Amino acid sequence: MKYWFGYLTAAIFGGITWVLMEFGQRFSTLVDMIYPYVIRTLQSMLAEWTAAVEFPVWQLLAVVLGVLILASFVLMVVLKWNAIQWAGWVLAVFSGLFMLHTMAWGLNYYAGSLADDMRLEVSSYNVDELAEATQYYRDKANELAAQVNRDGSGNVDFADFETLAQKAGDGFHSLTYDYHYPIFAGSTLPVKKLGWADMYTSMGITGVTFGLTGEASVNPQIPDVSLPFTMAHEMAHRMCIAPERDANFAAFLACTANSDPEFQYSGYFMAFRYCYSALSSVNDQSAAAAARVNDGVSQQLRSDMAAYSNFFTSHQDGAATNLADNINDTYLKVSGDESGVDSYGEVCDLLVNWHIHTVVLPSITVEDSPFDPYDETQVDLSGIVNAR
């Protein structure tokens, strides 16, 4: 019986995690009212503690855990421990970590959506509205592409990682205090450089946020044009904005609210990419609209888009990327996001509705003119006897 204690412990941890998730799913309104605000404070405290070192603490802990597991495996072989018992306790360790993760951050997947918190009405839209939004983001990206620094070859040349990390919180500060969105009132401490960047680049991973240490980490190797957006994305996760679509939308808002043109360009660049990708893939009608939108892309924006795509094409390893995508997809679905990795692209729905409500509708004005009963353009006199 003693050989199964590890599995029993793992089952207990797994059961607690399942209960927490079931509670989050069934009582999502209650979770939304309390959990994110408590956890946001916890994340801020953890971020303050781990900010004492430049590297991600969670990566050091992962190495320590790996060494301990490897050492225990060696001892198991040398001392001839029971392999089944050893595997049970290893499973219990990972089960316990996932339980702690769910307690300390994971239930944010069951909280309300970012659109609800911002009172943004999200509804279905047609191809014309998608095309208009895509054109809007294209035009903004075209404009900003000409304002950012570039090297002698015409490639974007943004500030270094540390400088951008220091500025990344400015957009969230503006959203909180100028636009009065308390959902963004979380930690704006600088994100950290993700260690072992070559490995993460080969898997197509641009950033990681680890709730147990309150750290938002970004791959420093990704193209400059997407670096500010990715910093804001991971920072949004630390603010307890869990779904990927919401974190992408928060990143767009934070970048465009930032006074730095590099952040603004990064925000509109990524928004254009997401909407253009959606427009190109809906149907033949939308593909034709995408072609028309593409005709208006400036040379600088076109060059930046090509450089962005070429970077990931040339640096990603197919097998490693598929493995990372499958793991991430499974994690997201288990955590409560049914769309899995597809949720990244679903930010298009939010971007289109944001464009409709903040750009299109405010531009529609109706001029009020005083009612004049003798004005034939305002009164239908047909059928009235002796009417002139």
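What number of residues within region 20-59 are in a helix (DSSP H, G or I) and loosely packed, with under 14 Cβ neighbours inside 10 Å? Can you show your working first?
Of the residues in region 20-59, the ones in a helix (DSSP H, G or I) are 20-26, 28-50, 57-59.
Right, trim to loosely packed, with under 14 Cβ neighbours inside 10 Å and you get 22, 25-26, 29-30, 33-34, 38, 41, 45, 48-49.
Residues flagged as in a helix (DSSP H, G or I) and loosely packed, with under 14 Cβ neighbours inside 10 Å within region 20-59 amount to 12.
Of the residues Ala271, Ala290, only one is part of a helix (DSSP H, G or I), among the aliphatic types (A, V, I, L, M) and more than 15 Å from the chain's Cα centre (by Cα); which? Let's see the steps before the verdict.
On the way: Ala271 fails: more than 15 Å from the chain's Cα centre (by Cα).
The conditions single out Ala290.
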**OP:** Would you please list the contacts, defined by Cβ atoms under 7 Å and residues six or more apart or on different chains, that run from a residue in region 120-136 that is of a type in the set (Phe, Trp, Tyr) to a residue that is surrounded by fewer than 16 Cβ atoms within 10 Å (Cβ to Cβ) and part of a helix (DSSP H, G or I)?
**Re:** Tyr136/Val359
**OP:** With the checklist (1) hydrophobic (A, V, I, L, M, F, W, C); (2) touching an Asp or Glu at 6+ places or on another chain (Cβ under 9 Å); (3) at pLDDT below 95 in hand, flag the one item Leu46 doesn't pass.
**Re:** (3)
**OP:** Select from region 99-117 the residues that are of a type outside the set (S, T, N, Q) and crowded, with 19+ Cβ neighbours inside 10 Å and list them in ascending order.
**Re:** Met99, Trp105, Gly106, Leu107, Tyr109, Tyr110, Ala111, Leu114
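Residue check: is Ala319 more than 21 Å from the chain's Cα centre (by Cα) and farther than 21 Å from Ser226 by Cβ?
On the way: more than 21 Å from the chain's Cα centre (by Cα): yes; farther than 21 Å from Ser226 by Cβ: yes.
Yes: the conditions hold for Ala319.
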**OP:** Determine whether region 196-204 contains at least one residue that is outside any helix (DSSP H, G or I), among the aliphatic types (A, V, I, L, M) and surrounded by fewer than 24 Cβ atoms within 10 Å (Cβ to Cβ).
**Re:** yes
**OP:** Check Ala257, Ala271, Ala247 and return the single one that is touching a helix residue (DSSP H, G or I) at 6+ places or on another chain (Cβ under 9 Å) and without any contact (Cβ under 8 Å) to a residue 24 or more places away in the chain.
**Re:** Ala247
Original post:
What number of residues within region 229-276 satisfy the criterion of being touching a Gly at 6+ places or on another chain (Cβ under 9 Å) and among the hydrophobic types (A, V, I, L, M, F, W, C)?
Top reply: 16
Original post:
Got at least one residue in region 208-227 being on the phi > 0 side of the Ramachandran plot, surrounded by fewer than 24 Cβ atoms within 10 Å (Cβ to Cβ) and in contact with an Asp or Glu (Cβ under 9 Å, 6 or more places away or on another chain)?
Top reply: no
**OP:** Give the number of residues within region 320-355 that are acidic (Asp, Glu) and assigned to a helix (DSSP H, G or I).
**Re:** 4
Original post:
Mind checking whether some residue in region 308-319 is touching a residue at least 24 places away in the same chain (Cβ under 8 Å), in a loop (DSSP other than H, G, I, E, B) and in the same structural domain as Met270 (by TED's automatic domain parsing)?
Top reply: yes
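Is it the case that some residue within region 233-240 is in a loop (DSSP other than H, G, I, E, B) and under 13 Å from the mean Cα position of the chain (by Cα)?
Of all residues in region 233-240, those in a loop (DSSP other than H, G, I, E, B) come to 239-240.
Subsequent filtering for residues that are under 13 Å from the mean Cα position of the chain (by Cα) retains 239-240.
Yes - at least one qualifying residue is present in region 233-240.
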Original post:
Which of the following residues is free of Cβ contacts under 8 Å to residues at least 60 places away in the same chain and either under 28 Å from Glu244 (Cα atoms) or under 31 Å from the mean Cα position of the chain (by Cα) (or both): Ala71, Ala52?
Top reply: Ala52
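Is it true that Ala288 is in the same structural domain as Ser153 (by TED's automatic domain parsing), among the hydrophobic types (A, V, I, L, M, F, W, C) and surrounded by 15 or more Cβ atoms within 10 Å (Cβ to Cβ)? Give the derivation first.
Working: in the same structural domain as Ser153 (by TED's automatic domain parsing): yes; among the hydrophobic types (A, V, I, L, M, F, W, C): yes; surrounded by 15 or more Cβ atoms within 10 Å (Cβ to Cβ): no.
No; evaluated as a whole, the condition is false for this residue.
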Subject >> Complete set of residues in region 66-110 that are touching a Ser or Thr at 6+ places or on another chain (Cβ under 7 Å) and within 22 Å of Ile39 (Cβ to Cβ) >> reply: Phe98, Met99, Thr102, Gly106, Tyr109, Tyr110
Original post:
Is one or more of the residues making up region 154-164 closer than 13 Å to Met235 by Cβ and either surrounded by fewer than 18 Cβ atoms within 10 Å (Cβ to Cβ) or touching a residue at least 12 places away in the same chain (Cβ under 8 Å) (or both)?
Top reply: yes
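The values are calculated or read from the model by the stated rules, or taken from the named source; none is laboratory data. Quick caveat: nothing in here was measured; it's all calculated off a predicted structure. So basically every Cβ, Gly included, is an ideal-geometry build from the backbone, and we count neighbours across all protein chains shown.
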